[in-house]
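Read-outs: derived from the displayed coordinates by stated rules, not from any lab. This is a predicted model, so every value here is computed, not measured. Neighbour counts run over all protein chains shown; Cβ positions are idealised from the backbone, glycine included.
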Amino acid sequence: MTETLSPPPDAEDLDGPPGGPWTTAQWVARQVRELQRQYLPPDQTPWSRAALAELRRSLGRPLGSSPTVLALVVNPSATYRGDDETADERAIATALGLYATHQQSQSAPMHVPATSFGTAVGRIRFNGKDEVRGVTRRFHAFGTAQSWGELVHHARGLVQLLRDEQQGFDYGRFAHDLAQFQHPHLQDAVRLRWGRDFYRVTAAPADPSAPTAATVTPTAEEQ
């Protein structure tokens, strides 16, 4: 029998009214929080390890090929018409599969609320004041992807770089972006959002007494 998740204790408070409806971002945040809670020590469970492994294997495959993935992806408050995968379902499955790749063998949480994907990649762009070779090139390839398969391929590569640097990001927000990207008239807006967040992260000051981590330039609204 396929195991299913029960809502985490704070899900209703953080994500909306009891019983839904759940947005794609809220549903992914809910599922990732529970996967993360059950995967990280000291509470790691055999179910969480098996679920993350199945999510990694299923990344990019048809959604109906794995009952375990379906149990995590299907939003009970969503409306479905027909038998084709929806943009939201693809976004949820992809975000969960990328999270499973990101969290693999990590002892720190890789789902970090309020840190966007673009900001996370921007933070590994610099080592002190020096730019890390290849990060910007890979980000450009991701941002100029012309197909869903190409986008997922480049996203997986960037997530592997982020895992190496133990840099997490908000998977709920990323799932929202992935859902919007599948609508051609919204793609440029999504790319703009990713690019702004990426380029707002600047190199650390050259002063050796200053903090060494890359910093995020505040927007006008934050100043």
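I need the chymotrypsin sites (Phe, Trp or Tyr not before Pro) found in the range 74-134, filtered to DSSP loop residues with at most 16 other beta carbons within 10 Å of theirs.
Taking the range 74-134 and a limit of 16 other Cβ atoms within 10 Å, the loop chymotrypsin sites (Phe, Trp or Tyr not before Pro) found are TYR80.
How big is the equivalent ellipsoid of the range 36-154 along its three axes, where each semi-axis is √(5λ) from the Cα gyration tensor, reported in whole Å from largest to smallest?
Its equivalent ellipsoid spans semi-axes of 27, 21, 12 Å.
If you average 1/r over all unlike Cα pairs in the range 91-176 and invert the result, what Kirkwood radius do you get in angstrom?
Final number for the Kirkwood radius of the range 91-176 is 13.0 Å.
Counting Lys +1, Arg +1, Asp -1, Glu -1, what net charge surrounds ALA203 among other residues with beta carbon under 10 Å of its beta carbon?
Residues near ALA203 contribute 0 overall.
Return HIS140, HIS154 ranked ascending by Cβ neighbour count within 10 Å, so the fewest neighbours appear first.
Listed from fewest to most nearby Cβ atoms, that is HIS140, HIS154.
In the neighborhood of GLU131, defined by Cβ-to-Cβ distances under 12 Å, what is the net charge if each Lys or Arg adds +1 and each Asp or Glu adds -1?
Within the 12 Å Cβ shell, the charges total +3.
Among residues other than ARG193 whose Cβ falls under 12 Å from its Cβ, what is the net charge (Lys/Arg +1, Asp/Glu -1)?
+1
Run the dipole for the range 11-204 about the Cα centre, Lys and Arg Cβ at +1, Asp and Glu Cβ at -1, nothing else charged, and hand back the magnitude in debye, nearest 20.
640
I need the shape label for the range 71-126. Rule: rounded when a/c is under 1.5, else prolate if a/b > b/c, else oblate, with a, b, c from the alpha carbon gyration tensor.
Prolate.
How about the range 99-184: which trypsin sites (Lys or Arg not before Pro) there are in a DSSP loop, with at most 15 other Cβ atoms within 10 Å of their Cβ?
Counting only loop positions with at most 15 other Cβ atoms within 10 Å, the trypsin sites (Lys or Arg not before Pro) in the range 99-184 are LYS129, ARG133.
Can you give me the C-alpha center-to-center distance between the range 83-130 and the range 38-80, rounded to a whole angstrom?
15
So what are the ³J(HN,Hα) numbers for the range 152-167, from phi and the Karplus equation (6.51, -1.76, 1.60; θ = phi - 60°), rounded to whole Hz, Gly and Pro as x?
With the stated coefficients, the range 152-167 comes to 5, 4, 6, 4, 4, x, 5, 5, 5, 5, 5, 4, 4, 9, 6, 10 Hz.
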